[in-house]
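See structure below.
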Amino acid sequence: MTKLISFSSDISNIELPKKFDYPYNYYPHTLAQIAAEELQEYLTHQNHFSHNFGIKNLESPNALGKMFGVLVVQQQDGTLGYLAAFSGKLADSTQHQHFVPPIFDVLDTNEFYLTTEKQLNELTHKIVSLENASEFTEVRKVYQKTKQLYEKLLADEQSRIKQRRKLRKKLGQQNNQLNINEEFYLREYQVYLNDKIAASKKAYQVKQHQIEELKQQRTNLSAWAQQEIFKKYAFLNYRGETKNLLDIFTNSTQNIPAGTGDCCAPKLLQHAYKHQLKPICMAEFWWGKPLKTSIRKHQYFYPACTGKCKPILTHMLQGVSIDKNPLKAQLKEEKEITIIYEDSDLLVINKPHELLSVAGKEIKDSVFSRIQKLYPNATGPLVVHRLDMSTSGLLLIAKSEETYKDLQAQFINKTIQKRYVALLDGILKEDKGKIDLPLRVDLNDRPKQLVCYQHGRKALTTWEKVEVLENKTKVYFYPITGRTHQLRVHAAHNLGLNTPIVGDDLYGKKADRLYLHAEKITFVHPTSKKQVSFTAPAPF
């Protein structure tokens, strides 16, 4: 059973893509969009499983959104169809009739995992039982109480000897032999106290050793099971070659993230290769309640993640003709920097969108590299602060290290005032407000950021509505802090404005550009010590 789904829509006049989309930065081809729409129609009306996606009630505590994917494929006779997949588990099951199976089914009763999980649970139960047993708790209590008492007796004796030595020194009655006798006495006293607690200590250690042995058994069994799982996750590529997770991550500096291999894209490609179906195009979308951490919006398309999926897909797509990263093509376009103001100390420039502030690993063209060429005698880091590559607007450039340090200090002290203008993809009900959502990098999907109250850094933004235009809202953003992607996440996240910036291909929907512009900046000039302000009106 191939799980191949026939299109119910008429696709006869739609031209096939020449290449497979670059999976980490793309907007789905028309065929993939149609397949996604048909899958969404199925999810809306199906009665094959019951899962609370939270579509009707976002406040439901048990609601859980889910990533789904479709892969348009071509059979050997040229007929098109598509495959469907979900990430992880759905309705507490790894397999459903409408979707391709997992790479490795941990819930398969014929596989080792469930048996191993049962053994691990039994070990945990034994450990907990021993730790909570009255016999063990009583032995531990007696030992700890006795140990604490005798440690205090020894500490008190040491203190008395110390006081006697201080008194002898004060009276000029130093006695080396007496000091030696006291040291000998302390050692003997310590041996005596240890003997007193030896019985209770041994009774405790016997019980503790039993528990530690069980814990080590559990650790060893868990480590073995994890390695076996990594071996079971074996992925085909278009050439028919197979690699498991251990092979794929052999030269990686990162550990294999939890859930690797259970995303939609690997499942879809694996099933296509197994049934001699040629991959044509793909789409992955979120269905249901948004997450509290990373940004996931109902029915929005998302590319494959870079942490878990990129290493796998690099192998699985070997032999498939793939489009180049569109980001590289955008960055190769010549974009001019406009100088708004210049004096002997600094520059105020207007950075175009899709230009890096400083060079990246693969892209060297940047504001820094261009300024360095224009001013070869300038010293210091030059670029005082940064704008996201996709954000346009005002940047401060220091011509000397002294100026750089002065302006940097103003940023650190939060005395520099910045105003951004953005166009949001929807209508805001409120007129102004404050967003306080701590941010950190998404380790499994760099460079995206996510909201994290445990490890995130404070990120604070105030905002005000300017006007509503054709179902879109123009706003002013005033960032108090300067975290990576702060305004983009604060706009898109459901705990923020819940309305992405137009053209945000990371947290919203792709457009001709990201409609975010650093429009105004106010600071104290390092030399004149007067407050100055510069404006570059938004080009939208």
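Shape of region 1-159 from its Cα gyration tensor (a ≥ b ≥ c, root eigenvalues): rounded if a/c is under 1.5, otherwise prolate when a/b > b/c, or oblate?
Prolate, because a/c is 1.5 or more and a/b exceeds b/c.
Hey, fewest Cβ within 10 Å first, where do Ser528, Ser222 land in order?
Ser528, Ser222
Hey, got a sec? Which trypsin sites (Lys or Arg not before Pro) in region 334-380 land in a DSSP loop and have at most 10 other Cβ atoms within 10 Å?
The qualifying sites are Lys361.
Quick one: net charge of Leu394's neighbours, Cβ under 10 Å, K/R +1, D/E -1?
+3
Once you sort the root eigenvalues of the Cα gyration tensor of the chain as a ≥ b ≥ c, which label holds: rounded (a/c under 1.5), prolate (a/b larger than b/c) or oblate (the other case)?
Taking the square roots of the gyration eigenvalues as a ≥ b ≥ c, the chain is oblate.
Measure off 7 Å from each Cα along the Cα-to-Cβ vector at Tyr453 and Asn498, then give the distance between these two points in nanometres to one decimal.
Output for this residue pair reads 1.7 nm.
So what does log10 I(q)/I(0) come out to for region 327-535 at q = 0.12, 0.13, 0.17 Å⁻¹, using the Debye formula with one equal point on every Cα and no solvent?
With one equal scatterer per Cα and no solvent, log10 I(q)/I(0) is -0.64, -0.76, -1.26.
Rounded, prolate or oblate: pick one for region 228-309, where a ≥ b ≥ c are the square roots of the eigenvalues of its C-alpha gyration tensor, a/c under 1.5 means rounded, and failing that, prolate if a/b is larger than b/c, else oblate.
oblate
From a point 7 Å beyond the Cα of Leu153 in the direction of its Cβ, which residues of region 164-203 have a backbone N at a distance under 20 Å?
182-203
Give me the number: length gained by fully extending Tyr42 to His298, i.e. 0.36 nm times residue separation minus the C-alpha to C-alpha distance, one decimal in nm.
In short, 90.6 nm is gained.
Mind ranking 375-385, 482-492 by how tightly packed they are, going by the mean number of other C-beta atoms within 10 angstrom, highest first?
Per-residue Cβ counts within 10 Å, averaged per peptide and sorted highest first, yield 482-492, 375-385.
For Glu228 and Thr30, FRET efficiency with R0 = 41 Å and r from the beta-carbon atoms, rounded to 0.05?
Plugging the Cβ-Cβ distance into 1/(1 + (r/R0)^6) gives 0.45.
Once you have the Cα-Cα distance between Glu402 and Thr338, take 0.36 nm times their residue separation minus that, and quote the gain in nm to one decimal.
Extending this stretch completely gives an extra 20.6 nm.
Normalised by the number of residues in region 327-535, what is the relative contact order in percent for Cα pairs under 8 Å and 6+ residues apart?
Rounded, it is 18 percent for region 327-535.
Please order Cys281, Cys264 by the number of other Cβ within 10 Å, starting at the fewest.
Arranged by neighbour count, lowest to highest, Cys281, Cys264 become Cys281, Cys264.
What value, in deg cm²/dmol to 500, does the helix sum -39500 (n - 2.57) over DSSP H runs of n ≥ 4 give at 222 nm once divided by the residues of the chain?
Using -39500 (n - 2.57) per qualifying helix, the result is -11500 deg cm²/dmol.
What length, rounded to one decimal in nm, is gained on full extension from Lys510 through to Glu135, with 0.36 nm per residue of separation minus their alpha-carbon distance?
Contour length minus Cα-Cα distance gives 128.5 nm.
What is the antiparallel percent of DSSP beta bridges lying wholly in the chain, to the nearest 5?
That works out to approximately 95 percent antiparallel.
Calculate the spin-label point distance for Thr109 paired with Lys169, positioning each point 7 Å from the Cα along the beta-carbon direction, and give it in nanometres.
If labels sit at Lys169 and Thr109, their model points lie 7.8 nm apart.
Could you please report the charge total around Tyr404, scoring K, R as +1 and D, E as -1 over all other residues with beta-carbon less than 15 angstrom from its beta-carbon?
Result for the local shell: -2.
Residues of region 273-311 with amide nitrogen under 19 Å from the 7 Å Cα-to-Cβ point of Lys56?
Output list for this probe position: 287-290, 298-299.
Show me, for region 167-172, the HN-Hα J-couplings you get by feeding each phi into the Karplus relation (A = 6.51, B = -1.76, C = 1.60, θ = phi - 60°), rounded to Hz, glycine and proline as x.
5, 4, 5, 5, 8, x
Got a sec? How would Asp445, Asp92 order by Cβ neighbour count within 10 Å, fewest to most?
By the 10 Å Cβ count, ascending: Asp92, Asp445.
Between Gln119 and Ile161, how many nm apart are label points set 7 Å from Cα along the C-beta direction?
Distance between label points: 5.3 nm.
Consider a paramagnetic label point 7 Å from the Cα of Ser8 along Cα→Cβ; state which residues of region 35-67 have an amide N under 16 Å from it.
Counting only backbone N, you get 35-49.
No value in this document is a laboratory result; all are computed from the given coordinates. Since the structure is predicted, the reported quantities are computational estimates derived from the model, not experimental observations. Heads up, the Cβs are rebuilt from the backbone with ideal geometry, glycines too, and the neighbour counts pull from every protein chain shown.
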